[in-house]
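Quick notes on the structure that follows.
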Amino acid sequence: MDALIPVINKLQDVFNTVGADIIQLPQIAVVGTQSSGKSSVLESLVGRDLLPRGTGVVTRRPLILQLVNVDPGDARKNEDSDGEEWGKFLHTKHKIYTDFDEIRQEIENETARISGNNKGISDEPIHLKIFSPRVVNLTLVDLPGITKVPVGDQPKDIEVQIKDLILKHISNPNCIILAVTAANTDMATSEALKVAREVDPDGRRTLAVVTKLDLMDAGTDAMDVLMGRVIPVKLGLIGVVNRSQLDINNKKSVADAIRDEHGFLQKKYPSLANRNGTKYLARTLNRLLMHHIRDCLPELKTRINVLAAQYQSLLSSYGEPVEDQSATLLQLITKFATEYCNTIEGTAKYIETAELCGGARICYIFHETFGRTLESVDPLGGLSTIDILTAIRNATVSAAAPAPRPSLFVPEISFELLVKKQVKRLEDPSLRCVELVHEEMQRIIQHCSNYSTQELQRFPKLHEAIVEVVTSLLRKRLPITNEMVHNLVAIELAYINTKHPDFADACGVMNNNIEEQRRNRMRELPTAVPRDKSVAKSPAGSTAVAGEPPASGADTDSAKAQAAGPQGEQDGMGNWRGMLKKGEDTPGSGPGSPLKGAVNLLDVPVPVARKLSSREQRDCEVIERLIKSYFLIVRKNIQDSVPKAVMHFLVNHVKDSLQSELVGQLYKSGLLNDLLTESEDMAQRRKEAADMLQALQKASQVIAEIRETHLW
């Protein structure tokens, strides 16, 4: 079982070579307040003075201390060391330190190099490995002491910085927390135990160490504390006696201090002496760490295998160094073109989940955005009743011959003029549809670059060239597609097909409605007298009986005028006749003389709104119904033909010609070296990924060796 700790040390060495802490290895973190005796506990475990000492925050960077037990005979045979004990720093590579004072100085120098001289702290650890026949196999992490008040030029938030640094290490579920508290303080106020409980509320991985047992007040002892009656901790409490500052100044060795500690415990706590002290602490930590490693290995193995697979995939995405430039370029071009087309067709490997993309978005533009926009266009939008009536009158005058006169029917030209104006309104939404599809096809380029063809990130110039070629192709197809869509609307405007089956059916229904309305109005008129029994008055006041010879032509015209009476003057568009008739009877008028008191009709303003006559109302309703019926037919045609035109002239054309366009523009011998130049950091990222993959593979081999030797 004791061989498990060197295995973890070996894993630590493997990951140290790549400078990564992605694997949380089992270790022991030492937590305590300033001057609680943390450094003395660690030095007692090592058996040598090696840690910096002083006032204030001395430990300003985490110190990962690996203790490796070596046989005395093997230590003497070590070619790089002339003693039984030596140390090695990770940052000094293979340099061997046999002088522990030199080790202490190197810790101070390395701390100042990263953290500076202003008592600031850093979370970058210092790795130190101690080889000795007098140590047990352990991995310890010495953390800065908890402080409350900044001293000197320390940062004002030094308390928060230190606490965050401590929590970063002890939050590791594979970490055993060694909470150090001085015996001459109240255990209930222990900052180390308080911080430990934040991440380990059940205390399953917390071991408490009570230091300075010899400094308690006279008449008091730590019996209740050591028995766990004050603060129960599941892994236990162990008391130790530290060297005093006077002992350190007098160069008292750690071995002598341990011997004096044993004598103190036998005298003061005889019943607990065999369960306390530095030696018992070292054995306990060794045992706890071994069992903890055994429990963590299954999860550790799984974590290593998962990371190995991830880095293998990452390394594959970076690609191998280019050997055949022509084949590589053609392969990348083909892959991009394939992924671009697959994204449009909805068969891409990487499916976007945050928003619609590619063919799905184009389909949404056609059927949702464009379709709803057309449906929201009012067939009669922008047309008022006065506009329609004005168009009818203008068309009536222009169609009359040889001189202006009223028409008996609604002129067809007014319908054509008005319906063309409404159909023209469908052009802008159609062109906007083309623009939206063009924008989406532009977005597909970025989508393929980010998700589908990560190899392009290796070659930024090739990526830029591909984007430029595809953008240029889309740019060339845009005016062609716009022209086709413009022509679709122009085709509808070129010929108003009033014989369209749907339009003819609508006209038939409308004519039936109008005829029904006319019949209803006829029923409301008085019953007419039969012609063969009617009596008419002559112009001279005599009566003419039906069947007698008709009167002369002049008399007949006069009779007709009288028969018309006021009703004739009010009928439809015949009112102007009455106006002219009244003008003839105006005093002072006569042949060759100017009209006196006549009104100039050109100076009379046209009323904005007025009540329409029954015929005007009927004519406007007829035109409105015709416009709406024909507009709906044209809108249906446009809604069907525009997406087809966009697909043919833009989408499908780009899909079919994309690869040939890319090959024609980029597959040239003079461009190979420039296009296949890797980005500056790609080679470095490939090397880091390869090193990490190699480290993970070595770690996997180490764990496999554990199984083979039945250590696990």
- Message: Taking 0.36 nm per residue of sequence separation and subtracting the Cα-Cα distance, how much length would be gained by fully extending the chain between ASP217 and LYS251, in nm to one decimal?
- Response: 9.6 nm
- Note the full-extension length gain between VAL151 and LYS424 as 0.36 nm times their separation in residues minus their Cα-Cα distance, in nm to one decimal. 90.2 nm
- Task: Determine which residues of segment 473-490 fall in the zone a paramagnetic label at LYS644 would reach in this model, i.e. backbone nitrogen under 16 Å from the point 7 Å along Cα→Cβ.
- Result: 484-490
- Obtain the nm distance between the two label points defined at HIS91 and GLU624 by a simple spin-label model: each point lies 7 Å from its Cα along the Cα-to-C-beta direction. 8.8
- Message: Taking just the alpha carbons, could you work out the radius of gyration and Dmax for segment 416-477, both in angstroms?
- Response: 18.3, 61
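State which entries of LYS335/LYS461; LYS212/LYS268; LYS38/LYS212; LYS499/LYS636; LYS156/LYS212; LYS129/LYS234 exceed 19 angstrom in Cα-Cα distance in the structure shown.
Numbers: LYS335/LYS461 17 Å; LYS212/LYS268 13 Å; LYS38/LYS212 11 Å; LYS499/LYS636 17 Å; LYS156/LYS212 30 Å; LYS129/LYS234 30 Å.
In this structure, LYS156/LYS212; LYS129/LYS234 lie more than 19 Å apart at Cα.
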- Task: Just subtract the alpha-carbon distance of SER679 and ILE22 from 0.36 nm times their residue separation and send over the number in nm, one decimal.
- Result: 233.9 nm
- Message: Based on C-alpha coordinates, I'd like the Rg and Dmax of segment 247-300, in Å.
- Response: 15.9, 49
- Item | SER316 paired with LEU493, simple spin-label distance in nm, labels 7 Å along Cα-to-beta-carbon | 5.7
- Message: Using a Förster radius of 35 Å, what is the FRET efficiency between ALA112 and GLN266 based on their Cβ-Cβ separation? Nearest 0.05, please.
- Response: 0.25
- Query: At a Förster radius of 35 Å, what calculated FRET efficiency corresponds to the Cβ-Cβ distance of LEU431 and LYS461, to the nearest 0.05?
  - Reply: 0.50
- With unit charges on the beta carbon (Lys/Arg positive, Asp/Glu negative), name the residue among ASN276, VAL322, PRO201 whose Cα is farthest towards the positive pole of the charge dipole of segment 179-336. ASN276
- Where labels lie 7 Å past Cα in the beta-carbon direction, separation of GLN442 and ASP123 in nm: 4.2
- Rounded to the nearest whole Å³, what is the per residue volume of the convex hull around the Cα atoms of segment 161-288? 128
- Task: Return the tail of the calculated pair distribution for segment 609-712, meaning the percent of Cα-Cα pairs more than 25 Å apart.
- Result: 71
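Given the peptides 275-287, 137-149, arrange them by the average over their residues of other C-beta atoms within 10 Å, most packed first.
For the peptides 275-287, 137-149, the packing ranking is 137-149, 275-287.
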- Computed FRET efficiency, Cβ-Cβ of LEU356 and ALA690, R0 41 Å: what is it to the nearest 0.05? 0.60
- Query: Which pairs, out of LYS163/LYS687; LYS194/LYS252; LYS194/LYS267; LYS168/LYS252; LYS93/LYS301, put more than 30 Å between their alpha-carbon atoms?
  - Reply: LYS163/LYS687; LYS194/LYS252; LYS194/LYS267; LYS168/LYS252
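Where a number appears in this text, it was derived from the coordinates with a stated rule and is not lab data. Values in this document were obtained by computation on a predicted structure and should not be read as measured data. Cβ coordinates were reconstructed from backbone atoms using ideal geometry, including for glycine residues, and neighbour counts include every protein chain displayed.
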